[in-house]
Amino acid sequence: MAILNILEFPDARLRTVAKPVANIDESIRTLVDNMLETMYSAQGIGLAATQVNVHQRVVVMDLSETGDQPMVLINPEVKILDDQTCPHQEGCLSVPGFYETIQRPEHIHLTALDRDGNRFELLPDGLLAVCIQHEIDHLDGKLFVDYLSTIKRQRIRTKLEKLNRHPD
Ligand code: QAP
Ligand code: CO
């Protein structure tokens with residue numbers, strides 16, 4: 001396994017729209033394993049392939065306290081079930097050190113393929129619903145900072161650009 005480099009906002013590659021996975025072969029399973037190792041080592045709860053500069057529709061998550069319940073979503077699709085939204089504080093491994101409260105739909109229906117190519121469905125709510133929508137946004141080239149005001153997003157951009165110019 002390997003730890004992959006995570007792209008950081010405002011890297012333009014995070015704006016790439018990922019393509020559906022055509023078949024789940026050994027290379028996709030290796031990608032999934034490397035993404036899980038990368039997510040766990042960075043203390044994250046979710047990571048999309050876009051964030052490691054692979055533009056295929058693959059997401060890994062683990063919302064368990066023990067960090068031993070990996071979830072794999074390949075070609076995930078979400079339907080919003082009603083217009084109810086809930087506020088939630090979000091962070092992102094591609095926007096390190098910044099957390100903001102975002103409103104998202106609360107009730108969604110997810111269908112996706114698992115690492116063996118089997119289709120599954122979920123009716124998640126709470127943090128799981130938030131995290132799934134956050135990760136699918138990555139596959140569409142979107143970031144949680146896009147939901148903030150221009151001024152807030154600019155502040156985050158300037159701070160991260162400075163940090164990346166002077167990493168120590
Ligand atoms: C997405 O984000 C998420 O700033 C996953 O310094 C997060 O795993 C969806 C992380 C919260 C919903 C709610 C962020 C780690 C991890 C940081 C993450 C950091 C270290 C973020
Ligand atoms: Co993220």
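Mean residue ellipticity at 222 nm from the helices of the chain, using -39,500 (n - 2.57) per DSSP H segment of n ≥ 4 over the full residue count, to the nearest 500 deg cm²/dmol? Rounded to the nearest 500, the figure is -9000 deg cm²/dmol.
If the viscosity is 1.567 mPa s and the temperature 4 °C, what translational diffusion coefficient in µm²/s does Stokes-Einstein give for region 86-168 when Rh comes from Kirkwood over Cα pairs? Walk me through the numbers on the way to the answer.
Values: Rh = 14.5 Å.
Stokes-Einstein gives a translational diffusion coefficient of 89 µm²/s.
In whole percent, how big is the carbon plus sulfur part of the accessible area of the chain, probe 1.4 Å, protein atoms only?
Working: 4510 of 9060 Å².
Summing carbon and sulfur atoms, their accessible area is 50 percent of the total for the chain.
Determine the distance separating the Cα centre of region 70-108 from the Cα centre of region 1-53; give it in Å without decimals. Cα centroid of region 70-108 versus Cα centroid of region 1-53: 17 Å apart. Hydrophobic long helices, here whole DSSP H runs in the chain with Kyte-Doolittle means of at least 0.5 and Cα atoms spread over 18 Å or more along the helix axis, are found at 126-139.
How would you classify the chain from its alpha-carbon gyration tensor, with a ≥ b ≥ c the square roots of the eigenvalues: rounded for a/c under 1.5, else prolate if a/b is greater than b/c, otherwise oblate? Mind dumping the intermediate values first?
Numbers: a/c = 1.70, a/b = 1.18, b/c = 1.44.
It comes out oblate by the Cα gyration axes.
Springs between alpha-carbon pairs under 10 angstrom, Gaussian network model over the chain: which of Thr111, Thr150, Thr66 fluctuates most? Taking springs between Cα atoms under 10 Å, the residue moving most is Thr66.
For region 86-164, the per residue solvent-accessible surface stands at 50 Å², with DNA, RNA and ligands left out and a 1.4 Å probe.
Relative contact order of the chain, taken over Cα pairs closer than 8 Å and 6 or more residues apart, is 23 percent. Here the chain is treated with +1 on each Lys and Arg Cβ and -1 on each Asp and Glu Cβ, and its dipole about the Cα centre works out to around 860 debye. The packing ranking, built from the mean of other Cβ atoms within 10 Å per residue, places the peptides 78-86, 32-40, 131-139, 98-106 in the order 131-139, 32-40, 98-106, 78-86, highest first.
The values are calculated or read from the model by the stated rules, or taken from the named source; none is laboratory data. Quick caveat, the model's predicted, so the values are computed rather than measured. Here the Cβ is made from the backbone with ideal geometry for all residues, glycine too, and neighbour counts use every protein chain on show. We work out accessible area using only protein heavy atoms, side chains counted, and drop any ligands, DNA or RNA first. Shrake-Rupley method; radii C 1.70, N 1.55, O 1.52, S 1.80 Å.
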